[in-house]
1. Shape verdict for the range 202-241, please, from the Cα gyration tensor: rounded (a/c under 1.5), prolate (a/b greater than b/c) or oblate.
2. At 7 Å along Cα-to-Cβ for each site, give me the label-to-label distance between Arg252 and Asp118 in nm.
3. Over the C-alpha atoms of the range 157-255, what are the Rg and the largest Cα-to-Cα span, Dmax, in Å?
4. What ranking do 266-273, 82-89, 177-184, 35-42 get when scored by the average of other Cβ atoms within 10 Å per residue, highest first?
5. Debye sum, Cα scatterers, the range 145-324, no solvent: what log₁₀ I/I(0) at q = 0.08, 0.12, 0.17 1/Å?
6. For the range 83-197, list log₁₀ I(q)/I(0) at each q in 0.12, 0.15, 0.22 Å⁻¹, using the Debye formula over Cα point scatterers of equal strength and ignoring solvent, two decimals each.
7. How would the range 28-129 be classified by its alpha-carbon gyration tensor: rounded, prolate or oblate, with rounded meaning a/c under 1.5 and the a/b versus b/c comparison settling the rest?
8. I'd like the projected area of the range 53-102, averaged over all directions, using the convex hull of its alpha carbons. Report it in nm² with one decimal.
Amino acid sequence: MADFEPYTSALVKSPEKTVIQGGFSGDTDYQHTLTIGMLAPLFLEWARYEMRRAPSTVQRYGEALHWVIRDIGDQPVTGLHMGHLLTLRRTMETRGCREARIAAILHALRAFLKFCHDVVRVPTLSYREIRVPRIPRRDVVYLTREEVQRYVDAIIAPDTLWEGVPITQLRFRALVEVLLGTGARISEVLSLNRNDIHWDRKEAKIIGKGNKERLLFFTDRALVWLERYLSRRWDDEEALFVTQGELPHRLRQRDRIKDTFALYRRRAGIIKPVSPHILRHTMATTLLFNGCPIGHIKEILGHERLDTTCRYYLGLDRRAARAAHGQFLTYE
């Protein structure tokens with residue numbers, strides 16, 4: 001995994017010495033000078049190295065605190081009150097933020113206030129006062145088999161020689177096949193190195209969500225496209241997926257990947273959205289519809305709890321539900 005650099009912005013600034021580094025005297029008067037922006041970098045370091053949060057999670061925390069400062073100002077932590085919280089929520093809703101975005105920002109603020117209270121010992125608004133909105137459950141979006149085939153054919157058509165297509169196009173086809181073949185999160189796939197893959201066992205060991213180690217299992221088709229992509233690489237970078245150019249580096253989620261998914265969705269004539277996470281749903285629903293036990297799907301996806309897998313996928317196979325209704329429901 002690449003070195004982590006805590007997310008900061010022009011709104012987030014570090015004091016010369018933090019309270020943990022002994023930069024403040026025993027006098028508590030200093031507490032009233034500590035603002036959100038001053039403590040944010042220390043909070044991000046604590047989240048990453050003490051709480052062992054994933055770099056992507058820590059980055060989202062930093063981005064969320066950036067929003068908080070932008071909307072209510074860089075307030076002294078000891079002066080935060082319910083009025084600030086109401087202003088923040090009103091501003092986000094006025095801006096048109098969706099429930100998931102509001103929940104993510106409030107989750108980050110809760111974690112920050114808990115850090116201020118429990119670690120830095122700064123009296124502030126209780127994190128228990130922050131109510132995170134429930135995110136309405138929506139239907140899981142996934143691609144049908146026919147849509148999957150249309151999508152991958154839009155990237156490289158069956159009658160096109162893969163040796164002759166631009167390497168960026170070949171890279172994207174390999175990336176899509178790996179996502180479909182493993183059910184991994186995009187962050188997990190992009191963190192892979194070449195030598196992480198055990199080609200004979202068709203698996204790779206990764207550090208997944210929650211800093212937990214797990215195995216990814218590859219399909220033969222995914223490995224074929226990976227081999228094709230790697231055979232066209234000329235660089236010595238260890239990363240499995242890299243950018244193109246004179247100085248290749250590990251491909252990141254911010255490297256216009258979202259735009260590329262949308263581009264081929266339009267070319268394939270697919271109406272529903274297509275993203276790395278929807279390909280993860282596609283893999284899981286395909287397993288389910290083919291009769292795979294839900295417990296195995298949980299392990300393949302890397303869910304910590306079985307109820308997470310059940311919440312997403314049980315009940316999706318309406319064909320099986322209809323058959324079960326006819327088979328098991330009788331009053332005689």
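Every number in this text was worked out from the coordinates using simple rules, so none of it is lab data. No experiment lies behind these values; they were computed from the predicted model shown. Because the Cβ atoms are built from the backbone with ideal geometry, glycine has one as well, and the counts that use them run over all protein chains shown.
1. Numbers: a/c = 3.85, a/b = 1.51, b/c = 2.54.
Oblate.
2. So the two model labels end up 3.0 nm from each other.
3. Over the range 157-255's Cα set, Rg and Dmax evaluate to 13.2, 42 Å.
4. Order by mean packing, descending: 177-184, 35-42, 82-89, 266-273.
5. Values returned for q = 0.08, 0.12, 0.17 Å⁻¹ are -0.26, -0.59, -1.17.
6. The Debye formula, applied to the Cα set alone, gives -0.74, -0.86, -1.19.
7. oblate
8. 4.0 nm²
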